[in-house]
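Below: the structure, in C-alpha cells.
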Amino acid sequence: MEAQSGCNCGCGSLDFVWSAATSGDPGAGYVLANNATLASATAINISKTGRGGQSYGSLMATWDDSTTADNKGTLILWGVADDGAYLIVQITGAATDNTSYYTFPVTVKAAGTLAAGQLLGADFSRVGDGGSVTSVDGNIGDVAVNNAKPVATRTALKALDTTKYTLAYLTEAGREGMFVWTSGNYSTQITSDTLEGVYVKATAIASSAGAWVRRFSGPALPQWFGAKADGIFASDGAITSGDQTFTSASAAFTSADIGKMIKVGRAGTGSQTLVTTIASINSATSVELTAAASTTASGANYTYGTDDTSAITAAKTYCLSVKTTMGRGGTPLGFPYGRYCYTDIGNLAHSYFGVLALEAGVWLESFRTSSGPAVTMNGLSYDATYGSYRAVFGGAHPFNIRGTSYCSAIFYYNNIHWAEINLGNLRDGNIGVLGDKSGNAGSPGAAVGTRFKGPFIGHHDIDSFDAVPQVAWYMTETYACNIEYAQLEVSGSSAPTFGLYMATSNGNVFVGGTVESCLYGGAWITSTCSRNTFIGMHNEFNGAGPDWQIDGHYTTLINCAGAGTYATLATSANIINGDYTQIIGGEFNDFEISSSADNTDVRGANLATGTISDNSTTSSFTGCNGIIDKAPNPQVSALTLASGFTSTGSPYKTAGYWRSRAG
C-alpha cells in the first residue's frame, strides 16, 4: 500500500524515540535537539541504534557525504501516532561521531510539538554533490533545491513542482503529515478521497499520472480528513421554552462557534434532547440557537462542536478500502483525544478491523434525532450471512459514548464474533448496551467468544445523564464471552427494569464489576440462560427489586455480594429459582430460594447477619457459614440443623428439604 510504504530510497523509515534532554548521549534508540525550543535548535544528537535495536550507524554515516557545503540533505522526524509531532531539519555540515551517537549541525525548517517518549519515524533525503539532489525514489535529479519541502496548506502541496519536490511535509493544523509524490494512476483513489486525507491531486498533473500520497505507519486518523474533535461539554446550560437564547455561565463562545452543532438535555419536545445549531453569538456566555426550545431547562447538560460526520465516514471508508486491498488486517481507524460530534457514522463492525481510542479521554458524541444506536457494531452489515470476526473497538483505551434521548441504545452489538470491545462511560439512551441477534436466524449469536471491558454506566462522574437507560445492559444471545469490570450503576425510570438483563445467553464469565442503584433490580438471569459464571461482582441498592434474580440454570457465583434483605422478602432479597445454582464464598444478606430450585449449593458464603428462606413461606434460618445443599426429596416436616446453626420462626416445610452441615 503506497500510503504506508517505507522510505522510497530503499532504506525504510528509521525508528526512534524522542528525548527531552538537550545535550549528551540521547540513549540507545533516542534522538534529541540541543534546544527545548525546537525552532531554535542548531544541532541534533541521534543514536546509532533504533528503538528496536536496529543498527543504523553505517547508514547515518553517509548523511553528510554530499559535497554541497551548507546543505547535506533534509531529515524529517515524524510522530508515529501524532501527526502534530514533527521536526524537519536541514543538515548543514559534517557530523561528529560520538561512538554511540552522531551530532549533526542543523537548520530547522519546520517544527511541531515533540514530547518525551514519543515514538518517531525518521526519513532522510540527500542533496547531490555540487547542488544536484538525490530524490526520494533514488534517481539523481539535476535540480537546484532539496526535494523535501514543508508546506502550510494542501493548496500549497498541490502547487509544488514535482520535478523538484517529491517529498513534502504538510503542516496544516490537524492534517499534518508526510506526503510522497508517487507516479501511477490514482484516479480511483482521488475520486474516492474527496476530503484529501490520504490522496491529494497535483494542480497541474492528471490523477492518472500520479498523486501526493500520505506516508504513515499505524492507524489512519479522522483529523486527516478534516475532523476537529472540538466538542465541549458542560452542565450549566439554560434555555426557556419557546426561546432561542441559550446561556451557560461557564461557556466561552466565540464567532468561530457559529454553525456548530449543539444538543441541550431535556430542552426538546416532551423533554427530549434539543438538537440544533448555533446561529449567532450574543456574548461569551450566550448564543442564539437555530431552533427554539420546547421545554424550559436549567442546569442542563449540553455539548457543542463541529460536525465531524463526513470526516469520520471518509476515514472509515479509506481504512476499509485498504483492508479490501490487503485482506485481513489493513489499516485501523484511530481516534486521538477529543470529543467527536456526529449524527450517524454507520457500522463499525468489520472482520479483522480495528477502531481504536488512541489515548484516554476520547468521546463519541452522537447528535441523533431519530431512533437508532449512538454507536453500532452490526456484523450483518459487513457480512449478511456470517457477521464479523476479530473486530476491535477501543483497543488499549476505552471509548466514551454519549447519545441523545432519541437513541434506542448507546452501544449496540449484533453478530460479532471473537471481537475485543473496550467501553468507558456510556451516557444517554433508552438502553445502555444492547446485544441482539437479529436479521439472520442462522447466525451464531449477537456476540460469541467476545471480550468486553467495561462499560461504566454510573452516577459518579461529571458527565451525568440526560436520558437514564431503562436497562444498563440488555443481553440476548450472547455466548462464551468474557465481561470484565462492568459498572452498571444507573438504570430505570419506570418499571420493570433491571441493571443487567440476560436472556438466551450461555457460558459467559463476568469478572468484577457491580450492578447497583438501578431502580427496579440488579442482575436478572432469566430461565433461558445456562452456565453463566460471576466472579467478584458486587450488587447492592437496587431499588424495589432483588440484587440477584437467578432463574437460569447452572449459574455460579464466586465471591460475589448481594445486599438484598429478608425484611422486604420477594421484592429485594436475592432470589434463586433456577436449578443447579452454586454460591461459593462471597457475602450476602438474604437468599430467597424456590422449593423447585433443585440442587442449589451454597458453600462458605458469609450470611451471618442474614437469612436463607423458601420463597413460599415466611420461615427462615440464620447464621449460615458452612455448606447448604438443596435436595429435591424427600419431604420432611421440620428442619433439623447441625451444630453451628440456629433456626427462627415456624418449622421449615417444603416439597424438598435442606441438608445443612457446619463448615
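The values are calculated or read from the model by the stated rules, or taken from the named source; none is laboratory data. Source: prediction; values computed, not measured. Reconstructed Cβ throughout: ideal geometry from the backbone, glycine too, with neighbour counts over all protein chains shown. Heavy atoms of the whole protein, side chains included, go into the accessibility calculation; ligands, DNA and RNA do not. Shrake-Rupley method; radii C 1.70, N 1.55, O 1.52, S 1.80 Å.
Identify, please: which residue in segment 437-448 is open to solvent by less than 50 Å² (accessible area, probe 1.4 Å), in a loop (DSSP other than H, G, I, E, B) and modelled with pLDDT of 70 or more and is, among those, farthest from Thr376 (Cα to Cα)? Full working, then the answer.
Here is the first cut: in segment 437-448, the residues open to solvent by less than 50 Å² (accessible area, probe 1.4 Å) are 437-438, 440, 443, 445-448.
Then drop every residue that is not in a loop (DSSP other than H, G, I, E, B), which leaves 437-438, 440, 443, 445-446.
If we keep only those that are modelled with pLDDT of 70 or more as well, we get 437-438, 445-446.
On the way: Lys437: 13, Ser438: 13, Gly445: 16, Ala446: 12 Å.
In this case the residue turns out to be Gly445.
Can you tell me which residues in segment 227-254 are of a type in the set (A, V, I, L, M) and in contact with an Asp or Glu (Cβ under 8 Å, 6 or more places away or on another chain)?
Going residue by residue through segment 227-254, those that are of a type in the set (A, V, I, L, M) are 227, 229, 232, 234, 238-239, 249, 251-252.
Once the filter is applied, which keeps residues that are of a type in the set (A, V, I, L, M) and in contact with an Asp or Glu (Cβ under 8 Å, 6 or more places away or on another chain), segment 227-254 yields Ala227, Ala229, Ala249.
Please tell me if Ala396 is surrounded by fewer than 22 Cβ atoms within 10 Å (Cβ to Cβ) and not acidic (Asp, Glu). Working first, answer last.
Details: surrounded by fewer than 22 Cβ atoms within 10 Å (Cβ to Cβ): yes; not acidic (Asp, Glu): yes.
Judged against the criteria, Ala396 is a match.
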Among the residues of segment 526-585 satisfying the criterion of being of a type in the set (A, V, I, L, M) and in a loop (DSSP other than H, G, I, E, B), which is modelled with the lowest pLDDT?
Leu569
Going through Ala81, Ala39, Ala21, Ala85 one at a time, which residue ends up being surrounded by fewer than 23 Cβ atoms within 10 Å (Cβ to Cβ) and without any contact (Cβ under 8 Å) to a residue 24 or more places away in the chain?
Ala21
Of the residues in segment 295-313, those that are touching a residue at least 40 places away in the same chain (Cβ under 8 Å), of a type in the set (Ser, Thr, Tyr) and buried (at least 16 other Cβ atoms within 10 Å of the Cβ) number 6
For residues that are in a strand (DSSP E or B) and open to solvent by 10 Å² or more (accessible area, probe 1.4 Å), tally how many sit in segment 328-353.
2
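Have a look at Ala409, Ala467 and point out the one that is open to solvent by 10 Å² or more (accessible area, probe 1.4 Å), among the hydrophobic types (A, V, I, L, M, F, W, C) and assigned to a loop (DSSP other than H, G, I, E, B). Walk me through how you get there before you give the answer.
Working: Ala409 fails: open to solvent by 10 Å² or more (accessible area, probe 1.4 Å).
Just one listed residue meets the conditions, Ala467.
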All positions within segment 243-260 that are surrounded by 14 or more Cβ atoms within 10 Å (Cβ to Cβ) and not in a loop (DSSP other than H, G, I, E, B)
Thr245, Phe246, Thr247, Ser248, Asp257
Can you find a residue that is more than 12 Å from the chain's Cα centre (by Cα) and of a type in the set (D, E, K, R) anywhere in segment 341-358?
yes
Of the residues in segment 504-525, those that are part of a loop (DSSP other than H, G, I, E, B) and surrounded by fewer than 21 Cβ atoms within 10 Å (Cβ to Cβ) come to Thr504, Gly507, Gly512, Ser517, Leu519
Considering segment 266-288 alone, what residues qualify as being part of a strand (DSSP E or B), of a type in the set (Val, Ile, Thr), under 26 Å from Cys407 (Cα atoms) and open to solvent by 20 Å² or more (accessible area, probe 1.4 Å)?
Val275, Thr277
Among (1) more than 11 Å from Ala293 (Cα to Cα); (2) surrounded by fewer than 21 Cβ atoms within 10 Å (Cβ to Cβ), where does Gly231 come up short?
(2)
If a residue has to be surrounded by fewer than 20 Cβ atoms within 10 Å (Cβ to Cβ) and either in contact (Cβ under 8 Å) with a residue 60 or more places away in the chain or of a type in the set (D, E, K, R) (or both) to count, how many in segment 527-550 make the cut?
2
For segment 94-128, which positions are among the polar types (S, T, N, Q) and within 30 Å of the chain's Cα centre (by Cα)?
Thr113, Gln118
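In this structure, is Tyr501 assigned to a loop (DSSP other than H, G, I, E, B), hydroxyl-bearing (Ser, Thr, Tyr) and modelled with pLDDT of 85 or more? Show your work before the answer.
On the way: assigned to a loop (DSSP other than H, G, I, E, B): no; hydroxyl-bearing (Ser, Thr, Tyr): yes; modelled with pLDDT of 85 or more: yes.
For Tyr501, the condition - assigned to a loop (DSSP other than H, G, I, E, B), hydroxyl-bearing (Ser, Thr, Tyr) and modelled with pLDDT of 85 or more - is not met.
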So which pairs qualify, if the first residue must be in segment 150-169 and of a type in the set (Asp, Glu), the second must be surrounded by fewer than 18 Cβ atoms within 10 Å (Cβ to Cβ) and not in a strand (DSSP E or B), the Cβ gap must be under 9 Å, and the two must be at least 6 apart or on different chains?
Asp161/Val143; Asp161/Ala204
Out of the residues in segment 371-383 that are part of a loop (DSSP other than H, G, I, E, B) and closer than 18 Å to Gln470 by Cβ, which is least open to solvent (accessible area, probe 1.4 Å)?
Ala374
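Per-residue answers, yes or no, for (1) under 26 Å from Leu519 (Cα atoms); (2) open to solvent by 10 Å² or more (accessible area, probe 1.4 Å); (3) in a loop (DSSP other than H, G, I, E, B); (4) among the hydrophobic types (A, V, I, L, M, F, W, C):
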residue	(1), (2), (3), (4)
Trp363	no, yes, no, yes
Thr369	no, yes, yes, no
Thr385	no, yes, yes, no
Gly429	yes, no, yes, no
Val433	yes, no, no, yes
Phe452	yes, no, no, yes
Have a look at Lys316, Lys263, Lys323 and point out the one that is touching a Ser or Thr at 6+ places or on another chain (Cβ under 9 Å), in a helix (DSSP H, G or I) and surrounded by 17 or more Cβ atoms within 10 Å (Cβ to Cβ).
Lys323
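To keep it simple, each residue is scored yes or no on (1) at pLDDT below 90; (2) of a type in the set (Ser, Thr, Tyr); (3) open to solvent by 50 Å² or more (accessible area, probe 1.4 Å); (4) within 19 Å of Phe16 (Cβ to Cβ).
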site	(1), (2), (3), (4)
Val108	no, no, no, yes
Gly117	no, no, no, yes
Arg126	yes, no, yes, yes
Thr134	yes, yes, no, no
Asp137	yes, no, yes, no
Ala159	no, no, yes, no
Glu196	no, no, no, no
Ile205	no, no, no, no
